[in-house]
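Right, one structure below, let's go through it.
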There are 2 protein chains.
Amino acid sequence: MNNKSIANISMAVIRRLPKYHRYLKELLEKEVYRISSKELSKLIGFTASQIRQDLNCFGGFGQQGYGYNVEELYNEIGKILGLDKTYKLIIIGAGNLGQAIANYTNYERSGFELIALFDINPKLQGLKIRDIPFRDIDELEQFTNENYIDIVVISTPKEVAQSVVDKLNIKNVGGIWNFAPTDLKVSDEIVVENVHLNESLFTLSYLLNERELESKK
Amino acid sequence: MNNKSIANISMAVIRRLPKYHRYLKELLEKEVYRISSKELSKLIGFTASQIRQDLNCFGGFGQQGYGYNVEELYNEIGKILGLDKTYKLIIIGAGNLGQAIANYTNYERSGFELIALFDINPKLQGLKIRDIPFRDIDELEQFTNENYIDIVVISTPKEVAQSVVDKLNIKNVGGIWNFAPTDLKVSDEIVVENVHLNESLFTLSYLLNERELESKK
């Protein structure tokens, strides 16, 4: 795998990689060490040709007549996703959603290390989640001046999300994982990945109605 | 808008509709009643031609030289998304994430009415969120026999998600909003919308690494 090849991969392919990674992990857990693109296709739901095409973007791991070495492919995709590295995270907005993310220890196992939680609620001050103390939002600016943060999780209400982001020292921030139902304005240097739950729910309501209309035809 | 036109819209267009809906709502809140595709493009970040093309899928709402009537477009997109109707929701798995969804009252305002919460934790029994009582997971089967549920939210751990889904009376379920990091096996009649947070986080780590490689060139 060469670095040059990484940069020109379409987002559609990239978004499928974590799914390959998850299925390969499950295969390893079941002690399956070798799989054909056809078998992988049955499992994961993409066509075999889609799978071959996707994996070819990164140099191609399969061998004609043998299929894929599950462990090798799992490790390589992990590396492509950057899961061989570690990332420092902070969470801003520690309501139910922020706390759900803070408590999800699987992220820690994948190399995402939570180092601080910020919230405006004075009742949280002095409390901890997994030994990580809640800090007041007023400490945020100084904290990002003093610490490099790979990923800032925004799980504040929509109304304050932008003002919180504006307090970050962006030179010390890699990317933002944004759960607030708004599009943040940030410097182009910062990578933003949005999880807009509203949009997902409204897509579901669309699909429910589409199906109903289809069934009435 | 005729029903026939709805069924053949690509998922890519459909997934953009909630975003149009959100921006149009914000325009209405700012008392902006008319907007050109060019102005909407600046705001929302899609190209003007993309916007015209998307909205043409549903019959086209704009008028040459006038632009779009914001309120009309907002209402029409709301109808297309099915937001003029109401939906009964239940949440299965009331940990932090399930409770975050239960507490997010904006869904209620958009017509998504939470009617029950199920969890295995005996400590939750007898408690309520917004007057909705927690029920034991053992009551789930009977509840879905007796009530039609438009949307079942799955926010259980991965390991139990499928077994919980298998308890549902699928004749009485419209769709599933799945937050468990696994792909559920369900009848084709059921619409499933996944929110795989892991996949989103791993996409972010990919993008952080891609940017780092780019900056080293």
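Listing for the model above:
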{"item": "HN-Hα J in Hz across segment B:202-217 - Karplus 6.51, -1.76, 1.60, θ = phi - 60°, x for Gly and Pro", "result": "6, 5, 4, 5, 4, 5, 4, 6, 4, 5, 5, 5, 4, 6, 8, 5"}
{"item": "Antiparallel DSSP beta bridges within chain A, as percent of all bridges there, nearest 5", "result": "20"}
{"item": "Debye intensity ratio in log₁₀ form over the Cα atoms of segment A:69-114, taken at each q of 0.18, 0.21, 0.23, 0.29 Å⁻¹", "result": "-0.62, -0.73, -0.80, -0.99"}
{"item": "Cα gyration tensor of the protein assembly as shown - equivalent ellipsoid semi-axes, whole Å, descending", "result": "31, 28, 28"}
{"item": "Above-threshold pairs, the threshold being 29 Å between Cα atoms, out of A:Lys19/A:Lys123; A:Lys42/B:Lys79; B:Lys42/B:Lys79; A:Lys30/B:Lys128", "result": "A:Lys19/A:Lys123; A:Lys42/B:Lys79; A:Lys30/B:Lys128"}
{"item": "Percent accessible area from carbon and sulfur atoms, chain B, protein chains only, probe 1.4 Å", "result": "47"}
{"item": "Per DSSP, loop GluC sites (Glu not before Pro) in segment A:133-175 with at most 12 further Cβ within 10 Å", "result": "none"}
{"item": "Average beta carbon contacts from partner chains per residue of B:95-107, 10 Å cutoff", "result": "5"}
{"item": "Interface area, A with B, accessible, probe 1.4 Å, both sides summed, Å² nearest 100", "result": "5900"}
{"item": "A:Phe112 long-range amide H proximity, modeled H, under 5 Å", "result": "A:Tyr87"}
{"item": "Amide hydrogen neighbours beyond the local backbone of B:Asn178, cut-off 5 Å, H modeled", "result": "B:Ile154, B:Glu193, B:Asn194, B:Val195"}
{"item": "Alpha-carbon Rg/Rh ratio, for segment B:87-199, with Rh computed the Kirkwood way", "result": "0.92"}
{"item": "B:Lys167 accessible area, assembled protein chains, probe 1.4 Å, Å²", "result": "70"}
{"item": "Calculated from backbone phi, Karplus (6.51, -1.76, 1.60) coupling profile of segment A:71-81 in Hz, x at Gly/Pro", "result": "5, 4, 5, 4, 5, 5, 5, x, 5, 4, 6"}
{"item": "Size descriptor, Kirkwood hydrodynamic radius, that averages inverse alpha-carbon separations across segment B:3-80, Å", "result": "12.5"}
{"item": "Cβ-vector label at 7 Å, B:Lys85, separations to other copies in nm", "result": "4.6"}
{"item": "Helix-derived mean residue ellipticity, 222 nm - over chain A, DSSP H n ≥ 4, -39500 (n - 2.57), to 500", "result": "-13500 deg cm²/dmol"}
{"item": "Cβ charges +1 (Lys, Arg) and -1 (Asp, Glu), total dipole of segment B:3-80, debye", "result": "280"}
{"item": "Separation between Cα centres of segment B:102-153 and segment A:28-67, rounded to whole Å", "result": "40"}
{"item": "Estimated vicinal HN-Hα couplings, Hz - segment A:159-167 in sequence order (Karplus 6.51, -1.76, 1.60; Gly, Pro = x)", "result": "5, 9, 4, 5, 5, 5, 4, 5, 7"}
{"item": "Gaussian network model of chain A, springs between alpha carbon atoms under 10 Å - residue of A:Ala180, A:Ala48, A:Ala94 with greatest fluctuation", "result": "A:Ala48"}
{"item": "Cβ-vector label at 7 Å, B:Glu31, separations to other copies in nm", "result": "7.2"}
{"item": "Model label zone, A:Gln162; criterion: amide N under 14 Å from point 7 Å along Cα-to-beta-carbon; scope segment A:66-105", "result": "none"}
{"item": "Two-decimal log10 I(q)/I(0) for segment B:135-215, as the Debye equation yields it once each C-alpha is a single scatterer, q = 0.16, 0.21 Å⁻¹", "result": "-0.63, -0.93"}
{"item": "Kirkwood Rh in Å, taken over all unlike Cα pairs in chain A", "result": "19.9"}
{"item": "Chain B, dipole about Cα centre (Lys/Arg Cβ +1, Asp/Glu Cβ -1), debye to the nearest 20", "result": "780"}
{"item": "Of A:Lys88/A:Lys158; A:Lys167/B:Lys38; A:Lys158/B:Lys88; A:Lys217/B:Lys158, those spanning more than 29 Å from alpha-carbon to alpha-carbon", "result": "A:Lys167/B:Lys38; A:Lys217/B:Lys158"}
{"item": "Average silhouette area of segment A:170-217, convex hull of alpha-carbon atoms, in square nanometres", "result": "4.1"}
{"item": "Mean separation of Cα contacts under 8 Å, 6 or more apart, over the residue count of chain B: relative contact order %", "result": "13"}
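The values are calculated or read from the model by the stated rules, or taken from the named source; none is laboratory data. Just so it is clear, the model here is predicted, and its values are computed rather than measured. Note: ideal-geometry Cβ built from the backbone for every residue, glycine included; neighbour counts use all protein chains shown. Surface areas here come from the heavy atoms of the whole protein model, side chains and all, with no ligands, DNA or RNA. Shrake-Rupley method; radii C 1.70, N 1.55, O 1.52, S 1.80 Å.
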